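Notes follow the structure.
Just so it is clear, none of the values below were taken in a lab; they were calculated from the coordinates. All figures in this text were calculated on a predicted structure; none of them were measured in a lab. Quick reminder, even Gly has a Cβ in these numbers, built from the backbone with ideal geometry, and neighbours come from all protein chains shown.
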Amino acid sequence: MAGEMVRGFRRLHFVGPCVTVFGSARTPVDDPDYATAREVARSLAQMGFTIMTGGGPGIMEAANRGARDVGGVSVGCNIRLPHEQQPYAFVVMPGGFGTLDEMFEALTLIQTAKIHDFPVVVMGSRYWAPLREQLDLMVKQGTITATDLDLLCVTDDGATAVDHVQRRAVDRFGLHRRLRPRKILGEHAAWNI
């Protein structure tokens, strides 16, 4: 059991920069949101990001499939190891309570400077329109500031989502994909940080 834990920690430690994709486990394969999640994950994996999800069906499956489509690294896990992972962006697809919880947890970590300058892409402008109105009201009421939402991008377009991550994570942090993967203790590491 201890060996399994050590292997798990080591595996997550070396996955490199990740984009975490949140979304509903109930989204069927024929839903347009499923196709969008798969497309965005495919593009982000081609940039060299590891795609990390909760490992469930629906949107999570779509994102992991998108990464696999292009030979990217795909990780599904249902535990949090914040000191062992290196996420660089969050993509939020339409979902329910769990997705809202994960999105607001990420936004709170950004707001309180526990994590810095992480872009958050929210896919599905129509789906999230009432939430966006609530966030705008919160800015007007002074319960959050406009700068709290500076890294938030609400879009329906996969290319816009990928471009936002490119500008706000890859370019900003100077990430460069290695031409040849490096192996450390047998794990795959595909980025220079």
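Around the Cα centre of segment 14-151, unit charges on the Cβ atoms of Lys, Arg, Asp and Glu (plus for the first two, minus for the last two) sum to a dipole of about 140 debye. Proximity of backbone amide H atoms, modeled 1.01 Å from N, is registered between GLY76 and THR53 at under 5 Å, excluding neighbours fewer than 5 places apart on the same chain.
Taking amide hydrogens as placed 1.01 Å from N in the peptide plane, the amide H of ILE144 sits under 5 Å from those of VAL139, each at least 5 positions away in sequence or on another chain. For segment 136-146, backbone phi angles converted through the Karplus equation (6.51, -1.76, 1.60; θ = phi - 60°) give residue-by-residue couplings of 4, 5, 4, 5, 4, 7, x, 7, 9, 9, 4 Hz, Gly and Pro being listed as x.
Remark: the THR160-PHE104 segment gains 18.0 nm on full extension, using 0.36 nm per residue and subtracting the alpha carbon distance. Amide H contacts under 5 Å for VAL122: VAL92, CYS153, VAL154, THR155, restricted to partners 5 or more places along the chain or on a different chain, H placed in the peptide plane at 1.01 Å from N. Remark: the GLN46-VAL29 segment gains 3.9 nm on full extension, using 0.36 nm per residue and subtracting the alpha carbon distance.
FRET efficiency for the GLN111 to CYS77 pair, using the beta carbon distance and R₀ = 30 Å, is estimated at 0.75. Spin-label model, VAL139/ARG167: points 7 Å from Cα along the beta carbon direction are separated by 1.5 nm. Taking a ≥ b ≥ c as the square roots of the Cα gyration tensor eigenvalues, with a/c under 1.5 meaning rounded and otherwise prolate when a/b beats b/c, else oblate, which class fits segment 107-162? Note, shape of segment 107-162 comes out oblate. Each residue of segment 33-45 is assigned a 3J(HN,Hα), and the resulting list reads 5, 4, 5, 5, 4, 5, 5, 5, 4, 4, 5, 5, 5 Hz, derived from the Karplus form 6.51 cos²θ - 1.76 cosθ + 1.60 (θ = phi - 60°), x at Gly and Pro. Can you list the residues of segment 24-43 with backbone N under 16 Å from a point 7 Å past the Cα of PHE97, pointing along Cα to Cβ? In segment 24-43, the label zone of PHE97 (backbone N under 16 Å from the point 7 Å along Cα→Cβ) covers 24-26. Fewest-first ordering of PHE90, PHE173, PHE118 by other beta carbons within 10 Å of each residue's beta carbon gives PHE173, PHE118, PHE90.
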